[in-house]
Structures are given as C-alpha cells and as structure tokens.
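Below you'll find the structure, written out as structure tokens, and then a few comments.
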Amino acid sequence: MTASAGVPSVRGRRVLVYSLGIEGRDLAAWLVANGAAVTMSDTRSAAQLAAAKAAPPPGVERVVTGGPLLDPDGFDLVAVSQSVLRYDPALVRARELGIPITSQMRLFLQLVPGRVIGITGSSGKSTTTALVGAMAREAGIDHVVGGNIGEALLGRLGDITPTTTVILEISHTQLQYTDRSPAIGAITNVTPNHLDQFRWDEYVGLKRNLLAHQTAADTAILNIDDDTSIGLIPAVRAQLARTSIRGEVEGDGAWLDGSDVIARRGARSRAILDRGGILLRGEHNLANVVMACAIADAAGFPADAMARAARAFPGVPHRLEVVGSAGGATWINDSIATSPERTMAGLRALTEPVVLLLGGRDKKLPLDGLQELVRQRCHAVICFGESGALFCEAMGSAVADCVLVQNLEDAVAEAAARVRPGDAVLLSPAGTSFDVYPHFEARGEAFRALVRALPGFQEVA
C-alpha cells in the first residue's frame with residue numbers, strides 16, 4: 001500500500017490486531033499482505049477459538065489468547081474488529097500512549113476510490129442495502145455491496161475503480177473509529193438498541209457519525225417518520241433528503257403518495273412504483289423501499305430499474321423469511337430480529353394468529369411495547385435460551401400459553417405441538433444469538449433445518 005490521502009503505509013510497522021473474529025482475521029490478512037508485522041490478541045481461549053474455527057491467517061507473527069487483550073505498548077498501530085468497543089481498557093491504554101487506532105471500515109473509507117453509499121440504522125439497514133444493490137444490478141451499474149453484510153471490504157479494494165458504486169451496510173460499532181463519511185449517507189431510523197453496550201446518547205452519536213464528515217457536495221438521507229432522526233437534521237452538513245410513508249416530504253427525498261412511491265430531486269419528481277407491487281410484508285418494509293428509492297434517486301439510478309428491482313425483491317435471508325409449512329402453519333425465520341423493536345415490526349407485518357419464539361441474549365431493552373403487541377397478536381409464546389426466563393416472565397401476563405424451554409430445538413418442538421391450521425410460527429427472538437450461536441445467521445440456519453425436519457413439511461411456492 002502506498003500512502004494516500006493522509007493514510008500512512010503499514011509496511012514494516014508493528015500492528016496489533018484485536019479479535020480473531022471474521023473482521024479481525026480479514027484485517028490481519030490485509031495488513032500482512034501490505035507488509036505489516038502483525039500480532040493478534042483475543043480474549044477467548046484456544047479451545048473456544050478452535051470451536052469457532054477462528055484461526056489466524058498465514059503470516060501473523062504472534063497470537064495471544066485467553067486473557068485480557070494484549071497491552072498495546074510497543075506497537076505502532078492498533079487495528080480493531082468492530083466487536084471490540086472503544087472503551088475497552090486496551091483501547092483506553094492505546095489512546096493514553098498515543099498509538100493510532102484503526103479499523104476495517106476506517107481503512108476502507110480512507111482508501112476506496114469509488115463513490116460510497118453508506119446505510120445505517122437500528123433496523124432496516126440490511127434490507128435497504130440489499131435492495132439498493134438490487135437496483136444497481138438491475139440498472140447495469142458497476143457496483144459492490146459489502147460492509148456489515150457481504151464480503152470482506154479490504155479484500156475487494158482491488159476490484160473497485162473510481163467509477164464503481166460502493167454500497168455499504170454500516171453498523172454502529174463500525175462507526176466507532178471512522179473519520180470519513182460516505183458521499184451518500186442514509187439513516188433508516190434510530191430506536192433503542194444495544195443499550196447493553198452504550199448509553200442512549202452514545203448510541204445516537206455513533207449513528208450520527210455516519211454523516212459527521214460529509215461536505216456540502218454530499219447527500220444525507222433521513223427518515224422523518226422517526227423522531228430521533230428528525231433530531232439529527234441540525235447536524236447535517238450535506239444536502240438533505242427526507243423520506244416518509246406518512247406523506248409528502250419537504251425538498252428532496254421520497255415518500256408514499258396514496259399507493260405510489262414518489263421520488264424528488266431538485267425540480268424533478270417521478271413516480272417509481274405502486275406499493276401493490278412490493279413483495280415485502282409490513283409497513284417497516286414499505287419504509288425500507290421508500291428509503292431505497294430515495295438513495296437510488298440521489299445516486300442517479302434510472303426509475304424503471306428501481307421499480308423492477310423493488311417488485312422482484314424477496315427480502316434478505318433471516319428477515320421474515322418464509323421457510324415453509326408444517327402442521328397447517330406457516331413457519332417464518334426472522335432471526336435477524338435481535339431487539340424487541342424488530343420483533344414488534346415482524347408481528348405487525350403478519351395477519352395470521354402467531355406462535356412466537358423469543359430468546360437469546362438480552363440487550364437490556366424495554367419489553368412493554370412487545371408485551372402489548374403479544375397480547376394482541378399471539379396465542380402462544382415459547383421462550384428459550386439465556387434470556388428465556390426473563391422473556392417468559394414479561395410475556396406470561398400477556399398470553400395464557402407462555403412456555404419456557406432450554407433451547408431452540410425444544411422451542412420448535414413445543415411450537416409444533418401448539419400450531420393450528422392458519423397459524424404463523426415466527427422465530428423473532430428479540431435477543432442476540434451470542435448465548436449459543438456465533439451470529440444471527442447461524443441461528444436462522446438452525447431454525448430452517450429444524451423446521452424442514454418436521455413431519456409433513458412442505459416448501460411454500
């Protein structure tokens with residue numbers, strides 16, 4: 001790597017990489033390939049790392065595991081996986097020593113030559129990112145999709161030219177260390193989430209960081225149906241575009257007018273598509289489609305390509321994904337719903353009576369809203385995992401049939417014993433997967449396999 005735009009070369013530098021997770025391994029591989037002397041550190045034991053198949057990439061000089069993160073003293077640079085939070089004692093120590101801290105997202109935004117579209121939010125960012133990618137593909141635009149979804153960012157740098165459109169899903173933890181903003185930055189919403197990691201004001205600040213380094217030549221897109229996003233408007237330095245499913249917006253952006261999705265930029269307004277053609281269920285997904293249209297419009301995508309992509313888009317895996325039918329019920333995988341707010345969105349999207357599967361690791365978020373919706377929409381709730389007892393206590397007053405089981409396997413079996421023809425069985429856990437599974441995808445895949453093994457299972461066309 002050559003020095004570029006204020007980014008020093010890593011060649012010959014001693015770099016300490018925190019975490020042997022996917023992002024940490026990608027970071028280490030890139031650093032080794034660019035001539036750095038790399039040490040890796042992870043708090044997990046060697047046995048835990050072996051079980052997770054988290055081996056360091058070739059060329060790493062030293063690996064330290066099974067205790068606190070290695071003291072950074074003596075290193076030239078610390079490179080951080082997003083799983084390591086900025087207030088970790090090791091990072092506090094690095095700042096005290098004046099050692100620069102970087103991350104995969106920071107490096108990528110510093111080095112990428114193409115136009116970047118960055119999308120964050122408490123919910124909807126994966127769906128919106130994937131849909132914008134589908135719109136770019138339909139339009140025949142040279143693009144890559146990555147960030148919090150897709151392939152490793154740094155490994156794609158060689159494929160990206162100045163004419164490539166880069167579409168990134170960016171998580172709040174990836175925004176901890178960034179010093180650049182995308183040319184088009186979109187925030188789907190900001191609702192209580194990850195309060196087990198950050199205070200509310202800190203969490204909002206991380207989302208705001210997506211837009212913090214924009215200029216007047218850039219575009220910021222905010223959902224004005226979300227009160228917290230409205231509060232971010234005074235901090236916007238770029239051209240502002242707004243989105244809403246409740247009515248026409250002021251200035252640039254996209255909105256729902258009756259059944260039509262309308263996009264406006266400058267003096268030009270155009271109808272993109274009718275909501276009746278959208279495959280995705282639920283008002284939250286309608287908001288995602290409107291946001292995707294605003295982003296694609298700001299990027300100059302053709303309207304017909306946007307419409308074709310939106311009409312054909314089935315959603316992302318593990319987000320209200322229909323697995324199939326068994327026992328006369330439709331079984332739905334919503335493993336990506338790791339907060340009560342996301343579970344509530346899933347429940348609102350369904351019209352069928354629901355058997356709800358809740359569990360995983362608690363994020364210390366309020367449950368009163370979910371409790372009320374369960375009372376309205378569910379005839380049974382099955383609670384499992386580390387937070388199962390907590391969820392069962394909260395939901396037991398909302399529904400008569402609330403059962404506590406140990407794991408997901410037991411939860412599927414209990415649901416199968418309770419379903420009635422016409423039900424929907426919804427895995428929408430409202431908690432993270434980290435009590436048992438390495439990520440929500442693994443939990444969703446386990447759910448799929450369990451459902452497909454049920455007697456009488458059928459795929460749904």
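The values are calculated or read from the model by the stated rules, or taken from the named source; none is laboratory data. This one's a predicted model, so the numbers in the text were calculated from it and none came from an experiment. Please note: Cβ atoms are built from the backbone with ideal geometry, for glycine as well, and neighbour counts cover all protein chains shown.
For segment 351-365, the candidate set comprises residues that are surrounded by fewer than 24 Cβ atoms within 10 Å (Cβ to Cβ) and either among the basic types (Lys, Arg) or under 22 Å from the mean Cα position of the chain (by Cα) (or both); within that set, the residue that is nearest to Asn407 (Cα to Cα) is Arg361. Pairing each residue of segment 29-45 that is at positive phi with any residue that is surrounded by fewer than 21 Cβ atoms within 10 Å (Cβ to Cβ) and basic (Lys, Arg), provided the two are 6+ apart or on different chains, yields C-beta distances under 9 Å for Gly35/Arg11; Gly35/Arg13. Is segment 374-386 home to any residue that is under 19 Å from Leu280 (Cβ atoms) and part of a loop (DSSP other than H, G, I, E, B)? The answer is no, given that none of the residues of segment 374-386 is under 19 Å from Leu280 (Cβ atoms) and part of a loop (DSSP other than H, G, I, E, B). Just one of (1) surrounded by fewer than 15 Cβ atoms within 10 Å (Cβ to Cβ); (2) more than 30 Å from Asp435 (Cβ to Cβ) fails for Gly67. It is (2). Here Glu393 meets each of (1) in contact (Cβ under 8 Å) with a residue 12 or more places away in the chain; (2) in a helix (DSSP H, G or I) with one exception, condition (1).
Results for (1) under 30 Å from Val354 (Cβ atoms); (2) within 24 Å of the chain's Cα centre (by Cα), shown as yes or no for each residue.
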| position | (1), (2) |
| --- | --- |
| Ile224 | no, yes |
| Ile233 | no, yes |
| Gln239 | no, no |
| Glu248 | no, no |
| Ala254 | no, yes |
| Ile262 | no, no |
| Arg281 | yes, yes |
| Ile295 | no, yes |
| Ala298 | no, yes |
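Kindly indicate which of Ala212, Ala186, Ala217 is surrounded by 24 or more Cβ atoms within 10 Å (Cβ to Cβ), touching a residue at least 12 places away in the same chain (Cβ under 8 Å) and of a type outside the set (D, E, K, R).
The match here is Ala186.
Screening Ile262 on (1) crowded, with 18+ Cβ neighbours inside 10 Å; (2) modelled with pLDDT under 95 shows it passes everything except condition (2). The strands (runs of 3 or more DSSP E) found entirely in segment 69-184 that carry 3 or more residues being of a type in the set (A, V, I, L, M) and within 22 Å of the chain's Cα centre (by Cα) are 115-120, 165-169.
Does segment 117-149 hold any residues that are among the β-branched types (Val, Ile, Thr) and touching a Ser or Thr at 6+ places or on another chain (Cβ under 8 Å), and which are they?
Ile117, Ile119, Thr120, Thr128, Ile141, Val144, Val145, Ile149
Asp368 passes every criterion in (1) acidic (Asp, Glu); (2) surrounded by 22 or more Cβ atoms within 10 Å (Cβ to Cβ); (3) free of Cβ contacts under 8 Å to residues at least 60 places away in the same chain apart from (2). Every condition in (1) crowded, with 17+ Cβ neighbours inside 10 Å; (2) at pLDDT 95 or above; (3) not in a strand (DSSP E or B) is met by Glu23 except one, and the failing one is (2). For residues that are under 18 Å from Phe457 (Cα atoms) and among the β-branched types (Val, Ile, Thr), scanning just segment 315-348, find the one that is surrounded by the fewest Cβ atoms within 10 Å (Cβ to Cβ). Applying the filter and picking the extreme gives Val322.
Residue count for segment 204-244, restricted to those that are assigned to a helix (DSSP H, G or I) and either of a type in the set (D, E, K, R) or at pLDDT 95 or above (or both): 12. Got a number for residues in segment 406-453 being part of a loop (DSSP other than H, G, I, E, B) and over 28 Å from the mean Cα position of the chain (by Cα)? Total satisfying the criteria: 6. Entry remark, segment 65-109: residues being more than 28 Å from Gly150 (Cα to Cα), in contact with a strand residue (DSSP E or B) (Cβ under 8 Å, 6 or more places away or on another chain) and β-branched (Val, Ile, Thr) number 1 in total.
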